[in-house]
Amino acid sequence: MKAASFDYVKPKTIGQVIGLLQEHGDDARLLAGGQTLMATLNMRLSEPQWVIDITGIESLRGVRVQGDALRIGALVTHTEIEFSDLVAQHAPLLKAAAPHIAHRAIRNSGTWGGSIAYADPAAEWPTCLLASGGTVIAQGPKGERRIAADDFFTGLYSTALQPDELLIACELPLGRPDHWFGFSELARRHGDYAIVGMAATARRDGSALRGLRIGLLGLDATPLRARQTEALLEGRALNAGLVAEAVACLRQEVDPLPDLTNAPDTKRHLIGVLLQRMLPLSAHV
Amino acid sequence: MADLYPIKVTVNGKAHQCSVQPRTHLVDFLREDLGLKGSHLGCEHGVCGACTVELDGKIVRGCLTLAVQADGAQVQTIEGLSATGVIRDLQEAFVRRNALQCGFCTSGMLMAAKELLETLPNATRAEVRDWISGNYCRCTGYQAIVDAICDVLQQRQEALV
């Protein structure tokens with residue numbers, strides 16, 4: 001199908017974007033990579049009066065180290081993350097997750113900021129942000145504001161962003177030498193939406209993991225933390241017995257929503273399989 | 001009706017100045033305004049890959065890109081790639097391996113394969129499969145397409161020795 005008619009504007013500054021959001025409210029949609037918005041426009045699931053193209057704002061681009069954080073601009077594409085040396089060095093979880101996102105042509109256009117702001121509970125980046133303990137940086141009429149990943153995803157496709165705020169970047173803590181990460185997901189076909197998936201970061205401490213954060217995707221209306229399972233594993237030497245205990249804990253902890261082809265019990269089983277695959281039997285691995 | 005939006009875009013090396021409706025996506029612009037019918041529209045929501053074109057040197061979904069977003073950009077379509085001969089080896093391999101039947105997916109498949117050959121010149125067969133997973137073919141069962149791309153990977157590697 002073809003998109004319904006809309007007006008198009010390509011502002012040069014963040015201030016102009018915020019002004020347009022204040023003026024047009026819910027009649028406007030932001031366009032970054034367009035890999036979700038364009039599909040919904042073409043299928044007429046979305047019919048905004050205004051499309052505000054933010055791709056002309058250079059300050060939203062680029063990956064850089066800033067203090068003790070890796071800053072990823074809202075307009076950084078999935079492909080740029082996949083092939084960024086800075087990401088590979090400081091946030092290797094993202095490099096591992098990137099190839100799971102759709103297909104090359106889509107990764108060339110789709111953006112980090114778009115994925116985080118859209119907050120699809122089956123998407124990779126929101127869960128990676130959560131597992132990394134990252135921070136969202138939003139700009140609105142009153143200036144910049146920082147929102148912890150744990151507070152950002154508030155419901156299905158819903159976030160803590162206000163209607164007149166723009167996500168400008170995210171910051172992830174720099175991976176230290178003892179950094180450990182894991183990523184695992186199940187999809188019927190490469191690039192399809194995941195049935196379930198999992199991202200995690202921690203610090204290695206001998207044969208144990210500390211500060212473990214496990215993010216889950218495809219189970220609920222938002223990306224989730226597996227807090228009980230994180231607590232169970234915290235600081236304990238990893239071995240086959242502990243992994244089995246953690247898998248049982250995770251299956252008891254989650255309450256999956258079904259999708260078109262997978263029942264809650266199927267997803268509960270599969271998320272345990274992923275945890276078993278992801279956890280190293282020894283944290284030295 | 002929304003106002004027309006003026007764009008300047010270079011398609012296959014030729015500069016164009018046009019006015020487009022904001023809602024027009026890139027492949028409708030290429031096909032209807034410029035008469036370049038080599039890029040195809042299958043699903044129009046980013047699933048099938050038949051609309052794959054190059055925007056500033058990178059493959060994109062032409063149906064998920066607005067024509068106005070190509071303002072100031074370089075676009076390459078299958079017509080441009082064919083005319084310059086940069087994928088002649090790939091096209092010959094597709095013929096030799098019977099890597100097409102109806103041909104609907106072929107232009108998108110060739111665009112995707114070209115970027116694979118340039119980005120991962122040592123790609124494995126599994127990497128080829130992953131790379132073209134965004135392009136649907138309903139005729140061949142993919143084996144012949146993967147064979148053709150792997151042939152060209154090998155040919156280009158041997159040419160470097």
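Per-structure values
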read-out: For A:M278: the one exception among (1) closer than 14 Å to A:V196 by Cα; (2) surrounded by 15 or more Cβ atoms within 10 Å (Cβ to Cβ); (3) free of Cβ contacts under 8 Å to residues at least 24 places away in the same chain; value: (3)
read-out: The listed residue being free of Cβ contacts under 8 Å to residues at least 24 places away in the same chain, within 14 Å of chain A (Cβ to nearest Cβ) and either closer than 29 Å to A:T111 by Cα or out of contact with any His (no Cβ under 7 Å at 6 or more places or on another chain) (or both), out of B:G49, B:G72, B:G103, B:G57; value: B:G57
read-out: Filter result (in contact with a helix residue (DSSP H, G or I) (Cβ under 9 Å, 6 or more places away or on another chain) and charged (D, E, K, R)) within the stretch A:75-123; value: A:E80, A:E82, A:K95, A:R104, A:R107, A:D120
read-out: Residue identified as more than 14 Å from chain A (Cβ to nearest Cβ) and free of Cβ contacts under 8 Å to residues at least 40 places away in the same chain among B:R125, B:R156, B:R138; value: B:R138
read-out: Selection within the stretch B:20-29 - surrounded by 24 or more Cβ atoms within 10 Å (Cβ to Cβ) and either at the interface with chain A (Cβ under 9 Å from one of its Cβ atoms) or within 12 Å of the chain's Cα centre (by Cα) (or both); value: B:H25, B:V27
read-out: Odd one out for B:L117 among (1) loosely packed, with under 14 Cβ neighbours inside 10 Å; (2) farther than 29 Å from A:A3 by Cβ; (3) within 14 Å of another protein chain (Cβ to nearest Cβ); value: (1)
read-out: Qualifying positions in the stretch A:3-18 - surrounded by 16 or more Cβ atoms within 10 Å (Cβ to Cβ) and either of a type outside the set (S, T, Y) or out of contact with any helix residue (DSSP H, G or I) (no Cβ under 9 Å at 6 or more places or on another chain) (or both); value: A:A3, A:F6, A:D7, A:V9, A:K10, A:P11, A:I14, A:Q16, A:V17, A:I18
read-out: Candidates B:R96, B:R156, B:R138, filtered to the one that is surrounded by 14 or more Cβ atoms within 10 Å (Cβ to Cβ) and of a type in the set (K, R); value: B:R156
read-out: Residue list for the stretch A:182-193, filter: surrounded by 21 or more Cβ atoms within 10 Å (Cβ to Cβ) and out of contact with any Cys (no Cβ under 9 Å at 6 or more places or on another chain); value: A:G182, A:S184, A:E185
read-out: Verdict on A:T79 being among the β-branched types (V, I, T), free of Cβ contacts under 8 Å to residues at least 40 places away in the same chain and within 14 Å of another protein chain (Cβ to nearest Cβ); value: yes
read-out: Meets criteria (in a strand (DSSP E or B), over 25 Å from A:F83 (Cβ atoms), at pLDDT 95 or above and of a type in the set (A, V, I, L, M)) for B:V68; value: no
read-out: Flag if B:G42 is more than 9 Å from chain A (Cβ to nearest Cβ) and more than 13 Å from B:V11 (Cβ to Cβ); value: yes
read-out: Every residue from the stretch A:207-219 that is in a loop (DSSP other than H, G, I, E, B) and under 18 Å from A:A187 (Cβ atoms); value: A:G218, A:L219
read-out: Selection within the stretch B:1-19 - away from chain A (no Cβ under 14 Å) and part of a loop (DSSP other than H, G, I, E, B); value: B:N12, B:G13
read-out: Residue list for the stretch A:185-203, filter: touching a Lys or Arg at 6+ places or on another chain (Cβ under 8 Å) and modelled with pLDDT of 95 or more; value: A:I195, A:V196, A:A200, A:T201, A:A202, A:R203
read-out: Qualifying positions in the stretch A:1-44 - within 13 Å of chain B (Cβ to nearest Cβ), among the β-branched types (V, I, T) and in contact (Cβ under 8 Å) with a residue 40 or more places away in the chain; value: A:V9, A:T36
read-out: Residue within the stretch A:4-22 that is closer than 30 Å to A:V196 by Cα and either part of a helix (DSSP H, G or I) or within 20 Å of the chain's Cα centre (by Cα) (or both) present; value: no
read-out: Meets criteria (under 16 Å from A:A199 (Cα atoms) and crowded, with 19+ Cβ neighbours inside 10 Å) for A:P126; value: yes
read-out: Index of the failed condition, B:E32 passing every other in (1) surrounded by 19 or more Cβ atoms within 10 Å (Cβ to Cβ); (2) more than 10 Å from every other protein chain (Cβ to nearest Cβ); value: (1)
read-out: Failed item, numbered, when A:P264 is tested on (1) in contact with an Asp or Glu (Cβ under 8 Å, 6 or more places away or on another chain); (2) of a type outside the set (A, V, I, L, M); (3) surrounded by fewer than 19 Cβ atoms within 10 Å (Cβ to Cβ); (4) closer than 27 Å to A:G133 by Cβ; value: (4)
read-out: Selection status of A:V76, of a type outside the set (S, T, N, Q) and under 17 Å from B:D71 (Cβ atoms); value: no
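For (1) among the polar types (S, T, N, Q); (2) out of contact with any Pro (no Cβ under 7 Å at 6 or more places or on another chain); (3) closer than 20 Å to B:G57 by Cβ; (4) modelled with pLDDT of 95 or more, each residue gets a yes or a no:
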| site | (1), (2), (3), (4) |
| --- | --- |
| B:S82 | yes, yes, yes, yes |
| B:A126 | no, yes, no, yes |
| B:Y136 | no, yes, no, yes |
| B:D151 | no, yes, no, yes |
| B:R156 | no, no, yes, yes |
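The values are calculated or read from the model by the stated rules, or taken from the named source; none is laboratory data. Just so it is clear, the model here is predicted, and its values are computed rather than measured. Positions of Cβ are backbone-derived with ideal geometry, glycine not excepted, and every protein chain shown enters the neighbour counts.
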